[in-house]
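Notes follow once the structure below has been shown.
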Amino acid sequence: MTSGSEPGGRPPHGAMSPDGEAERLVSGAADGVEEQMIEAALRPKKLDDFVGQERVREQLSLVLHSALRRGRTPDHVLLSGGPGLGKTTLAMIIAAELGQPLRISSGPAIERAGDLAAVLSTLAEGEVLFLDEIHRLARPAEEMLYMAMEDFRVDVVVGKGPGATAIPLDIAPFTLVGATTRAGMLPGPLRDRFGFVAHMDFYEPAELEIIVHRSARLLDVEIDDAAAAEVAGRSRGTPRIANRLLRRVRDYAEVRADGTITQESARAALALYEVDERGLDRLDRSVLESLMRKFGGGPVGLSTLAVSVGEEPETVEVVAEPFLVRQGLLARTPRGRIATPAAWAHLGLAQPPTAPMAGTLFALDEATEQPE
Ligand SMILES: Nc1ncnc2c1ncn2[C@@H]1O[C@H](COP(=O)(O)OP(=O)(O)O)[C@@H](O)[C@H]1O
Ligand SMILES: [Mg+2]
């Protein structure tokens, strides 16, 4: 097995495209059916068991409980935040707290308005409909959803061409829970129809530690506090990554040690998988290293940088850079990418006096990146 690739012989970064993001150990996206099944087992089922996101949890608790007291369906809820932060988990918790069934679909799964009409017209009163990746809903379906959300009504079009007629159809009052990783891509009219919008943030290391301990309990493995902190600190603020690293560390502890996860075995396992203390993997580090060693810290254009690490520009831009920017290790400027002093320090390289100083170049991300 090549170190750095997942067991099962998946290719390392050389063969990776942005679509292959899920193949990375430190990707926020879920990696296939097996991971989805394990995740289902690790999902907290009640709001009280949901770790972190204090404000969202408290606000949501109020929305749900006041609706329950009034015997009404609660406002529609929009959950926005990066992959792996707990949107699907919260959607399931919302239904459970309301004591209602959950119907699950997603933007890409609904190709035509008729598909959505079929789902909406078969909802029972009070049911919760979860639409994942709602920003990818096709336009006609989106317009049907407006009316459904507001008036609990849809127009079903019968026939084609000039003879087509729209038949209005009442649907049962329901609660829509939409999830999106791209709140900015959601059309205003759709966003406005959600009574409650929850922004999910990255988690603090202490919160991830709690999640790691909880997951270890459910997976029936022993882990000590130092090891849990080690895993949490490398998880990029993302519960899904924490759970995935935990499983890799567990594998290691079972095969190479006595099964109990200690700080020592956690460190050794994460070193084997090339996930460093800050959660950077091989791709992240090779981008930084190339930027520093070959280009003196920049500024260098994206495509040149990508060629130097043997990747597509898109892979570098979409897969590696967002986390590096968020960590303050790399800055995007109009003249190209630069490594920050923190990046030189992280890789243990001496910053030459000619290296660009953070702040002397206008960083694009500060000006153009909208907070989600
Ligand atoms: N707040 C949390 N507390 C405990 N576990 C969490 C939390 N948020 C996410 N997880 C875990 O992380 C994994 C991914 O969460 P998920 O809800 O599928 O994320 P998303 O839908 O935002 O991509 C799940 O296995 C879930 O158990
Ligand atoms: Mg999800």
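The values are calculated or read from the model by the stated rules, or taken from the named source; none is laboratory data. Just so it is clear, the model here is predicted, and its values are computed rather than measured. Note that each Cβ is placed from the backbone with ideal geometry, even for glycine, and that neighbours are counted across all protein chains shown.
If you go through region 81-106 and keep only what is away from ligand 2 (no atom under 12 Å from the Cβ) and either of a type in the set (S, T, Y) or farther than 20 Å from A124 by Cα (or both), you end up with just S105. A253 meets the conditions (1) on the phi > 0 side of the Ramachandran plot; (2) buried (at least 16 other Cβ atoms within 10 Å of the Cβ); (3) among the small types (G, A, S) in every case but one. The failed one is (1).
Residue-wise test of (1) more than 12 Å from ligand 1 (Cβ to nearest atom); (2) closer than 21 Å to L85 by Cα; (3) touching a strand residue (DSSP E or B) at 6+ places or on another chain (Cβ under 7 Å).
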| site | (1), (2), (3) |
| --- | --- |
| F196 | yes, yes, yes |
| A226 | yes, no, no |
| A229 | yes, yes, no |
| R240 | no, yes, no |
| R247 | no, yes, no |
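Please verify whether region 117-130 includes one or more residues that are surrounded by 20 or more Cβ atoms within 10 Å (Cβ to Cβ) and among the aromatic types (F, W, Y). Among the residues of region 117-130, at least one is surrounded by 20 or more Cβ atoms within 10 Å (Cβ to Cβ) and among the aromatic types (F, W, Y), which makes the answer yes. Contact annotation: residue pairs with Cβ atoms under 9 Å, 6 or more positions apart or on different chains, pairing a residue in region 90-103 that is under 8 Å from V128 (Cα atoms) with a partner that is charged (D, E, K, R) and assigned to a loop (DSSP other than H, G, I, E, B), are A95/E127; Q100/E127; P101/E127; L102/E127; R103/E127. Only helices (runs of 4 or more DSSP H) whose full extent lies in region 182-276 are considered here, and the ones with at least 2 residues that are within 25 Å of R326 (Cβ to Cβ) are 205-219, 225-233, 239-256, 263-272. When L60, L145 are checked against the criterion of being hydrophobic (A, V, I, L, M, F, W, C), in the same structural domain as T181 (by TED's automatic domain parsing), under 22 Å from the mean Cα position of the chain (by Cα) and modelled with pLDDT of 95 or more, a single residue qualifies: L60. Residues of region 300-334 that are more than 10 Å from V287 (Cα to Cα), among the polar types (S, T, N, Q) and touching a helix residue (DSSP H, G or I) at 6+ places or on another chain (Cβ under 8 Å): S303, T315, Q327, T333. Report whether or not V287 is modelled with pLDDT under 90 and in a helix (DSSP H, G or I). No; evaluated as a whole, the condition is false for this residue. E34 satisfies every condition listed in (1) of a type in the set (D, E, K, R); (2) surrounded by fewer than 18 Cβ atoms within 10 Å (Cβ to Cβ); (3) in a helix (DSSP H, G or I); (4) at pLDDT 95 or above except (4). Scanning region 134-142 turns up one or more residues that are within 15 Å of ligand 1 (Cβ to nearest atom) and either among the aromatic types (F, W, Y) or closer than 20 Å to D75 by Cα (or both).
Would you confirm whether or not region 82-92 contains a residue that is away from ligand 1 (no atom under 16 Å from the Cβ) and of a type in the set (D, E, K, R)? There is no residue in region 82-92 that is away from ligand 1 (no atom under 16 Å from the Cβ) and of a type in the set (D, E, K, R).
Close contacts from region 273-301, counting a first residue that is within 14 Å of L349 (Cα to Cα) and a second that is small (G, A, S) and part of a loop (DSSP other than H, G, I, E, B), with Cβ to Cβ under 7 Å and a gap of 6+ residues or different chains, come to L291/G297; L291/G298; G296/A355; G297/A355.
Yes or no, residue by residue, for (1) of a type outside the set (K, R); (2) within 22 Å of D48 (Cα to Cα); (3) touching a strand residue (DSSP E or B) at 6+ places or on another chain (Cβ under 8 Å):
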site	(1), (2), (3)
K87	no, yes, yes
E111	yes, no, no
F130	yes, yes, yes
R139	no, no, no
E143	yes, no, no
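Each residue in region 30-55 was checked for being within 15 Å of ligand 2 (Cβ to nearest atom) and farther than 16 Å from L218 by Cβ, and 5 pass.
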